[in-house]
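Some notes on the structure that comes next.
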Amino acid sequence: MTDIAQLLRNNIAWAERVERDHPGFFRKLERQHKPKFLWIGCADSRVPADQLTGVMPGEVFVHRNIANQVINTDMNLMCVLQYAIDVLRVEHIIVCGHSRCGGIEAVMRGTTPGVLDHWLESVRRLVEAHPEADVDDIGQLNVRHGVESLAHNVLVRRAWSRGRRLLLHGWFYSIANGRLQDLGVSRGPQSENAP
Ligand SMILES: [Zn+2]
């Protein structure tokens, strides 16, 4: 396993490599922050948004929490959403779940500790409504539920009513093969009232 000092050494090597391959990269980024994408994903260390989508710093605005929950009373997420929509003017919001999510597995086993039990309430509801589903089925239902919650979010709806082209997407990442799957649940201003 990597020790903590190695992280700092890696950073020096990485910054030197980026500057060598893209001269002026950091100076340019210092002056502008214009990502087109907001990523709402799981905090799981095996699902790093930038790396698995192959983009450089500056391209994806990221919010991560346990089991990629979209809860419209979560002040942290609401601040991220407002900043992403009104200030950064992102064009796409991606809710991304992943296979073998530890948060979802814990709910299914009934072993969520303390406050996590509260945080994952909507996952528990999905598990109870789909007793035959496995962890990845619930993970995908959880992404659909997240996209649906965003489609009803007041910040998103206000952007749509102003005519903003803001699209919502639901993706699922396989830890087993590193591939992203589009779950086909995208929503936009025209489909905001679709079933
Ligand atoms: Zn997870």
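Below, the figures for the structure above:
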| quantity | calculated |
| --- | --- |
| Residue 96 accessible area, assembled protein chains, probe 1.4 Å, Å² | 0 Å² |
| Surface accessible to a 1.4 Å probe, residue 21 within the full protein complex, Å² | 100 Å² |
| Probe 1.4 Å - accessible area at residue 92, Å² to nearest ten | 30 Å² |
| Solvent-accessible area, 1.4 Å probe, carbon plus sulfur percent, for the chain | 53 percent |
| Counted charge near residue 101, where neighbours are those whose Cβ lies closer than 13 Å (Asp, Glu -1; Lys, Arg +1) | -1 |
| Packing-based order for 25-31, 83-89, 144-150, using average beta carbon neighbours within 10 Å, highest first | 144-150, 83-89, 25-31 |
| Antiparallel bridge percentage (DSSP; both residues within the chain; nearest 5) | 20 percent |
| Total charge dipole magnitude, the chain, about the Cα centre, Cβ charges on Lys, Arg, Asp, Glu only, Debye to nearest 20 | 840 debye |
| Part-to-part distance (alpha-carbon centres) for segment 52-116 and segment 137-195, which is given in Å | 12 Å |
| Residue order for 157, 46 - accessible surface, 1.4 angstrom probe, largest first | 46, 157 |
| Listed residues 39, 171 arranged by accessible area, highest first, probe 1.4 Å | 171, 39 |
| Rg and Dmax of the chain, Cα atoms only, in Å | 18.1, 54 |
| For the chain, accessible area per residue (1.4 Å probe, heavy atoms of protein chains only), Å² | 58 Å² |
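The values are calculated or read from the model by the stated rules, or taken from the named source; none is laboratory data. All values reported here derive from a predicted model rather than from experimental measurement. Cβ atoms come from the backbone with ideal geometry, glycine included; neighbour counts cover every protein chain shown. SASA here: full protein model, heavy atoms, side chains in, ligands and nucleic acids out. Shrake-Rupley method; radii C 1.70, N 1.55, O 1.52, S 1.80 Å.
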